[in-house]
Amino acid sequence: MQPTFNSWLGLFDMIDKVDTFVFYDDVQLTKRSWQVRNRILTTNGELFLTIPITKSAHRDEILILSAEINYKENWMDKHIKSIEMAYKKCPFYFEVFEVLEQHYQEKIKTLSEFNCSLINRILSKIGINTNTLRSSDLFRIEGTKDSRLVNICKSLGASTYLSACGSANYIELLSPGGEFTKHGINLLYHNYSIQSYPQIQTNKFVPYMGIFDLLFNVGFNEALAYIRKGREEDYGYLEYRKTVLNID
């Protein structure tokens, strides 16, 4: 999966499920994607926080790996102040804010490093010990779309691949299970359903917020238990085709 900013809870559940998780960072950065922006929850509703990227090349040529964060803009202070205003009354504000503030103050150069290291920092805090690595660190992985994913699996000796549901749009395009079944790799689609947790900012639960919201409201020690509450049995690719995509 591409390394996202303030990732949603389903990503952490996916990482918790697998033996090895690969940050897919040597692919094109999409404008206004979850890699550069996500929401926090304020008493006035949702607020987007965005990480600005330096225009060092044409937008279509910028990889997540090489995207440089623009520190000429005053975005860090805006993030920190917005987070403080949104969550300062939450029960676990101080312990979580300290970790996030420290991460921001490191002024990490690239988007990949910023997001990957932030996710890894949170994983450590909430008790997920899955091995993580970056696709850019793997040697000469060729191919496109699912054929490249298969080659990543082969390089790691993986027998099963857990895919995000959104990837089915191209994996299942030409044949059931795409390149995975052709190469004897078991393909599953991640199945996750957001469950409610306490949100001090609202009386009505707002789902699909990033991990920051959960951490401020329930703390590092209880976060993993809440994440696992949304866990469902993953789809086999044939089941997913039939029940979700409505194709045989």
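Enumerate the residues in region 178-203 having an amide nitrogen under 17 Å from the point lying 7 Å beyond the Cα of C165 toward its Cβ.
Hits in region 178-203 for C165 at 17 Å: 188-196.
Across all directions of projection, what mean area in square nanometres is found for the Cα convex hull of the chain?
Working: hull surface 55.2 nm².
Its average projected convex-hull area is 13.8 nm².
Between rounded, prolate and oblate, where does region 1-145 land on the alpha carbon gyration tensor, with a ≥ b ≥ c its root eigenvalues, rounded for a/c under 1.5, else prolate if a/b exceeds b/c?
Taking the square roots of the gyration eigenvalues as a ≥ b ≥ c, region 1-145 is oblate.
For region 196-248, restrict the atom set to alpha-carbon positions and state the Rg and Dmax in Å.
Cα radius of gyration and Dmax of region 196-248 are 15.6, 45 Å respectively.
Using just the alpha carbons, could you tell me how many Å³ per residue the convex hull of region 149-239 encloses? Please list the in-between numbers first.
On the way: hull volume 11.5 nm³, N = 91.
Spread over its residues, the Cα hull of region 149-239 gives 127 Å³ apiece.
If you bin every alpha carbon distance in region 93-159 into 5 Å steps from zero, what whole percent lands in each bin?
Here the calculated profile for region 93-159 is 3, 13, 19, 16, 18, 13, 9, 7, 2, 0.
If you stretched the chain out fully between R121 and S66, how much longer would it get, using 0.36 nm times the residue separation minus the C-alpha to C-alpha distance?
That pair, R121 and S66, stretches by 17.7 nm at full extension.
Loop by DSSP (not H, G, I, E, B), at most 15 other beta-carbon atoms within 10 Å: where is the longest site-free stretch of the chain for trypsin sites (Lys or Arg not before Pro)? Could the numbers behind the result be given before it?
Values: sites that count: K31, R32, K55, K72, K88, K89, K107, K109, R140, K204, K229.
The longest uninterrupted stretch comes out as 141-203.
Every read-out reported here was derived from the displayed coordinates using simple, explicitly stated rules and does not represent laboratory data. All values reported here derive from a predicted model rather than from experimental measurement. Note: ideal-geometry Cβ built from the backbone for every residue, glycine included; neighbour counts use all protein chains shown.
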